[in-house]
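Engineer: The following block contains the structure, expressed as structure tokens.
Please treat every number below as a calculation from the coordinates, not as lab data. In this text the structure is predicted, and so the values were computed from the model without any measurement. Cβ coordinates were reconstructed from backbone atoms using ideal geometry, including for glycine residues, and neighbour counts include every protein chain displayed.
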Amino acid sequence: MAMPKQDTDTIQAFQGLEHSSSSVRLRAALAVGTTPDPRFIDKLIERCAIEPEFYVRDMLTWALTRHSASATVPKLIDELRSERAQARSQALHTLSKIGDRRAWPSITRALLTDADDEVARSAWRTAVVLVPEGEEPELAGVLATQLGRGERETQLSLSRALIALGKVIEPTLRAAMTDLDPRVRRHAIATERLLRDPDAGFEFAIEEAKRVVALGGTGKEE
């Protein structure tokens, strides 16, 4: 007896998600997202953890957002405890796209300070999207502990996350401008400059901050 077409399509999609060709995996993820089916959720999340190509991962995330949040969010939260950094990072990214605030309690301090830069950056972006009203100052305080961390891309990600919280970050930044670590002071000053003038650009802001710190200043207006 011939296999029903729906089952055949399902098998082909599962096989496509594991194909050696990234273009085939991309088309399979697109197909799954176009016709959502709860049977695919586990496979999509599994692939997110190991998929090497950025644009395929993004399509996997899109496919997950096409499914019911009540079915995807608990499974994505489980992924946040994975030992695999990419699994944590991509689960965070997907949660930020879904935007379901039920995930907020799972955005822990451990994730916001994760040793892996990609995980931490994803956690910062997700936290800003999910933070409940009134909890922004506390989040700003945790994010501020990461000032001075990493290279340009990591620092820019943190600055953007802080700025997205708005003026509530000002007291936190002012405190960081007097930190003993010059990298922290520079990053805090640059972030404050961008908060005041978003068009300044991060490179300009960080170079200006370096000059201020070199001259022994804090960046605070007298």
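Engineer: Label point 7 Å out from residue 66 along Cα-to-Cβ: which residues of region 96-120 have amide N under 16 Å?
Structural biologist: 98
Engineer: Turning to a different aspect of this structure: Arranged by the count of other C-beta atoms within 10 angstrom, fewest first, what order do 93, 19 take? Intermediate values should be presented prior to the final figure.
Structural biologist: Values: 93 20, 19 13.
Fewest to most other Cβ atoms nearby, the residues stand as 19, 93.
Engineer: Nearest 20 debye, what's the magnitude of the dipole of the chain about its Cα centre given +1 on Lys and Arg Cβ and -1 on Asp and Glu Cβ?
Structural biologist: My answer is approximately 160 debye.
Engineer: Student exercise: in the chain, how many lysine pairs 8 or more apart or on different chains have Cα atoms under 21 Å apart?
Structural biologist: Here the count comes out as 6.
Engineer: Now a separate question. How far apart, in nanometres, would the label points at residue 46 and residue 75 be if each is projected 7 angstrom from Cα along the Cα-to-Cβ direction?
Structural biologist: Here the answer is 1.0 nm between the modelled labels.
Engineer: What's log10 of I(q)/I(0) for the chain at q = 0.08, 0.09, 0.15 Å⁻¹, Debye sum over Cα points only, no solvent?
Structural biologist: The computed values of log10 I(q)/I(0) come out as -0.36, -0.44, -0.93.
Engineer: Compute the FRET efficiency between residue 54 and residue 135 as 1/(1 + (r/R0)^6), taking r as their Cβ-Cβ distance and R0 = 25 Å, and round to the nearest 0.05.
Structural biologist: 0.20
Engineer: Of all alpha-carbon pairs in region 100-153, indicate the percentage at a distance above 18 angstrom. Intermediate results must be reported in sequence, preceding the final value.
Structural biologist: Working: 358 of 1431 pairs.
The proportion of pairs with Cα distances above 18 Å equals 25 percent.
Engineer: Can I ask one more? Let me check the size of region 29-130 from its C-alpha atoms; what are the radius of gyration and Dmax in Å?
Structural biologist: Spelled out, the Cα radius of gyration and Dmax of region 29-130 are 12.4, 37 Å.
Engineer: Relative contact order for the chain: what percent, with Cα pairs under 8 Å and sequence separation of 6 or more?
Structural biologist: This gives 11 percent for the chain.
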